[in-house]
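Reading through the structure tokens given below for one structure.
Every read-out reported here was derived from the displayed coordinates using simple, explicitly stated rules and does not represent laboratory data. Just so you know, these numbers come straight off a predicted model, no measurement behind them. So basically every Cβ, Gly included, is an ideal-geometry build from the backbone, and we count neighbours across all protein chains shown.
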There are 2 protein chains.
Amino acid sequence: MDPGAAGTKALVFDVFGTVVDWHGSVAREVRALVKSKGLRVNAVKFAKAWRAGYRPAMDRVLRGEAPFEKIDVIHRAILEDVLTQFKVTTLAEAEKAHLNFVWHRLKPWPDSVRGLKRLKSKFIVATLSNGNTSLLVDMAKHGGLPWDCVFSSDTFRLFKPDPGMYLGAAGMLDLRPEEVMMVAAHKPDLRAAAKCGLKTAFVKRPLEHGRGATLDLASEPEFTVNAGSFLDLADHLGC
Amino acid sequence: MDPGAAGTKALVFDVFGTVVDWHGSVAREVRALVKSKGLRVNAVKFAKAWRAGYRPAMDRVLRGEAPFEKIDVIHRAILEDVLTQFKVTTLAEAEKAHLNFVWHRLKPWPDSVRGLKRLKSKFIVATLSNGNTSLLVDMAKHGGLPWDCVFSSDTFRLFKPDPGMYLGAAGMLDLRPEEVMMVAAHKPDLRAAAKCGLKTAFVKRPLEHGRGATLDLASEPEFTVNAGSFLDLADHLGC
């Protein structure tokens with residue numbers, strides 16, 4: 001094991017982008033819908049616009065400007081805006097509800113399940129996601145993600161990067177912050193976890209925003225581990 | 001599937017006694033400790049006395065006479081009383097702490113893991129236990145219990161039979177109460193769940209209090225399903 005990781009007992013995972021490929025999964029379903037309904041919509045731009053509404057909506061809750069809502073509700077509100085923006089007016093309520101649940105059906109990255117199984121042999125593996133519990137449970141059943149435990153925004157009625165999320169997960173596991181490692185493809189999430197005393201693993205997901213997107217994939221000495229995949233993370237952690 | 005069970009989407013499980021054998025597991029560890037320390041203690045009586053302190057302690061919290069505490073803390077307070085009662089004065093702090101965590105190491109009944117795997121193929125399977133999250137996660141890793149999700153007293157800061165436990169689990173799964181089935185070896189737990197609108201499965205555990213104990217194992221038409229084991233429950237539910 002990397003010496004800096006000694007003493008880790010649990011790994012808590014960001015999910016959207018880190019464990020599952022939201023961009024590819026959403027674009028794929030939108031593309032199929034566009035085809036079946038004869039719409040003129042760029043599925044990749046649609047997926048990006050939908051995702052782009054997510055962080056501002058959570059930030060409004062964290063600033064106290066909006067009440068806590070589950071991500072399913074937030075996703076649906078953004079979807080309505082995006083449908084208007086893309087001039088899609090022909091979807092029935094059942095079609096919109098089904099499309100909104102694409103976030104429950106996101107596909108794991110190719111290394112996710114195999115990596116999690118290796119990591120689970122040595123550590124507690126849990127989600128620590130801004131997704132809601134039902135979304136995370138559906139996704140896990142759909143993709144075969146072997147979580148020991150699901151921590152979500154509705155467990156704590158907060159969103160990352162509120163410290164209550166990171167310290168809340170450690171508290172529910174009865175672990176000290178330094179016994180918990182946050183695993184994420186996003187540096188701000190890891191920096192917020194580190195401020196709470198958690199260890200950190202940066203996992204590079206170059207395709208999170210699809211091909212051709214420019215992402216900050218540089219390793220950083222500030223993180224406990226920098227890894228290219230969950231299998232590489234398992235190697236670093238001696239599983 | 002039994003017709004009364006139609007529409008069930010998630011099964012939530014009582015754990016102590018229903019999924020795992022607290023009596024046998026605690027008595028076994030106490031017996032080993034008694035032997036290694038040369039104590040004169042009846043391990044079966046010790047296990048029963050420890051468990052007997054549990055319900056009154058939770059009831060004090062539910063009546064507002066004591067603040068919410070995790071079961072680990074409650075178990076430890078009862079353990080101190082039971083050690084006094086059995087005149088055991090020679091345990092070091094580390095030995096007491098280890099013994100207290102026997103509740104994290106309780107063994108599944110012989111049918112539990114196999115039954116849960118079958119049930120998990122068709123339904124969400126989750127704990128709904130008065131145990132705390134870390135206890136339930138440790139126990140699952142120890143015994144190979146394949147939960148999709150862990151709901152515990154510290155998820156809701158309540159104990160069963162408070163309606164907030166049953167309705168809280170349904171709410172976090174975004175299911176209607178009648179889409180959730182409570183599985184338990186204890187009739188009061190099932191009756192409290194039924195009052196909240198959940199379906200119910202009574203699973204008979206004749207050895208919960210060891211050999212020779214008299215338990216109420218009669219099937220009841222008020223329950224959605226009456227089953228002799230988790231495998232029998234899987235048969236009833238068509239898995």
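How shielded is B:11-24 by partner chains, expressed as the average number of their Cβ atoms within 10 Å of its Cβ atoms? Walk me through the numbers before you get to the answer.
Values: counts 0, 0, 0, 0, 0, 0, 0, 0, 0, 0, 0, 0, 0, 0.
Shielding by partners across B:11-24 averages 0.
Could you give the dipole magnitude of region B:112-239 about its Cα centre, charging the beta-carbon of Lys and Arg +1 and that of Asp and Glu -1, in debye to the nearest 20?
Working: 16 positive and 14 negative charges, 55 e Å.
Its charge dipole is roughly 260 debye.
Using a Gaussian network model of chain A whose springs link C-alpha atoms within less than 10 Å, name the residue from A:163, A:206, A:56 with the highest mean-square fluctuation.
In the Gaussian network model the winner is A:56.
Shortest first, in nm, what separates the label point of residue A:4 from those of the same position in the other copies (7 Å along Cα→Cβ)?
5.8
How big is the dipole moment of region B:164-210 about its Cα centre under a simple scheme where the beta carbon of each Lys and Arg is +1, that of each Asp and Glu is -1, and everything else is neutral? Debye, nearest 20, please. Can you show the working numbers first?
Working: 7 positive and 5 negative charges, 47 e Å.
With Lys and Arg at +1 and Asp and Glu at -1, about 220 debye.
Multiplying the sequence separation of residue B:114 and residue B:211 by 0.36 nm and subtracting their Cα-Cα distance, what value in nm do you get?
Working: separation 97, 0.36 × 97 = 34.92 nm, distance 2.37 nm.
Extending this stretch completely gives an extra 32.6 nm.
Label-point separation (nm) for residue B:2 and residue A:62, each offset 7 Å from Cα along Cα-to-Cβ?
4.7
What order, most packed first, do the peptides B:40-47, A:224-231, B:114-121, A:9-16 have when packing is the mean number of other Cβ atoms within 10 Å of each residue? Before the final figure, lay out each step's value.
Working: B:40-47: 17.0, A:224-231: 20.6, B:114-121: 18.6, A:9-16: 23.1.
Descending packing order for the listed peptides: A:9-16, A:224-231, B:114-121, B:40-47.
Nm distances between the label at residue B:187 and the same-position labels in the remaining copies, 7 Å along Cα→Cβ, shortest first?
Its label point is 6.4 nm from the equivalent points in the other copies.
Take the Cβ-Cβ distance between residue B:80 and residue B:157 as r, set R0 to 22 Å, and report the resulting FRET efficiency rounded to the nearest 0.05. Mind showing how you got there, number by number?
On the way: r = 24 Å, r/R0 = 1.07.
It comes to 0.40.
Taking other Cβ within 10 Å of each residue's Cβ, how do B:34, B:137 sort, fewest first?
Numbers: B:34 17, B:137 26.
Sorted ascending by nearby Cβ count, the order is B:34, B:137.
Rounded, prolate or oblate, given the Cα gyration tensor of region B:151-201, with a/c below 1.5 counting as rounded?
On the way: a/c = 1.81, a/b = 1.11, b/c = 1.64.
Judged from the Cα gyration tensor, region B:151-201 comes out oblate (a/c at least 1.5, b/c at or above a/b).
Farthest toward the dipole's positive end in region A:22-104, which of A:68, A:57, A:46, given Cβ charges of +1 (Lys, Arg) and -1 (Asp, Glu) about the Cα centre?
Of the candidates, A:46 comes out farthest on the positive side.
Rounded, prolate or oblate: pick one for chain A, where a ≥ b ≥ c are the square roots of the eigenvalues of its C-alpha gyration tensor, a/c under 1.5 means rounded, and failing that, prolate if a/b is larger than b/c, else oblate.
Values: a/c = 1.99, a/b = 1.63, b/c = 1.22.
Prolate, because a/c is 1.5 or more and a/b exceeds b/c.
Quick check: Cα centre of region B:1-54 to Cα centre of region A:67-101, how many Å?
After rounding, the separation between the Cα centres reads 47 Å.
Measure off 7 Å from each Cα along the Cα-to-Cβ vector at residue A:98 and residue A:122, then give the distance between these two points in nanometres to one decimal.
Computed distance between label sites residue A:98 and residue A:122 equals 4.4 nm.
Taking a point 7 angstrom from the Cα of residue B:52 along the C-beta vector, which residues in region B:70-109 have backbone N less than 18 Å away?
Label zone hits: B:75-88.
Averaged over peptide B:149-159, how many Cβ atoms belonging to another chain are found within 10 Å of each residue's Cβ? Mind dumping the intermediate values first?
Numbers: counts 10, 7, 3, 2, 0, 3, 4, 0, 0, 0, 0.
Average per residue, whole number: 3.
So, counting K/R as plus one and D/E as minus one, what does the shell of residues with Cβ under 10 Å around residue A:180 add up to?
On the way: positive: A:9, A:176, A:199; negative: A:178, A:179.
So the surrounding residues net to +1.
Where the label is 7 Å out from Cα toward Cβ, how close does residue B:59 come to the same position in every other copy, in nm, shortest first?
Sorted ascending, the copy-to-copy spacings read 5.3 nm.
How much length is gained if the chain between residue A:219 and residue A:89 is pulled fully straight, taking 0.36 nm per residue apart and subtracting their Cα-Cα distance, in nm to one decimal? Can you show the working numbers first?
Numbers: separation 130, 0.36 × 130 = 46.80 nm, distance 4.43 nm.
Extra length available between residue A:219 and residue A:89 comes to 42.4 nm.
Under the classification rounded if a/c is under 1.5, otherwise prolate if a/b is larger than b/c and oblate if not, where does region A:111-239 fall, given a ≥ b ≥ c as square roots of the Cα gyration tensor eigenvalues? All intermediate terms of the calculation are to be shown ahead of the outcome.
Working: a/c = 1.25, a/b = 1.15, b/c = 1.09.
Rounded.
Calculate, in nm to one decimal, what residue B:107 and residue B:142 gain on full extension: separation in residues at 0.36 nm each, minus their alpha carbon distance. Please list the in-between numbers first.
Numbers: separation 35, 0.36 × 35 = 12.60 nm, distance 0.81 nm.
Once the chain is fully extended between residue B:107 and residue B:142, it gains 11.8 nm.
What does the structure give for A:129-139 when I average, per residue, the other chain Cβ atoms found within 10 Å of the residue Cβ?
Values: counts 0, 0, 0, 3, 9, 8, 1, 2, 9, 4, 0.
Shielding by partners across A:129-139 averages 3.
Nearest 500 deg cm²/dmol is fine: what mean residue ellipticity at 222 nm does chain B get from its DSSP H runs of n ≥ 4 alone, each adding -39,500 (n - 2.57), divided by its residue count? Can you show the working numbers first?
Working: 11 runs with 108 residues, N = 239.
Rounded to the nearest 500, it is -13000 deg cm²/dmol.
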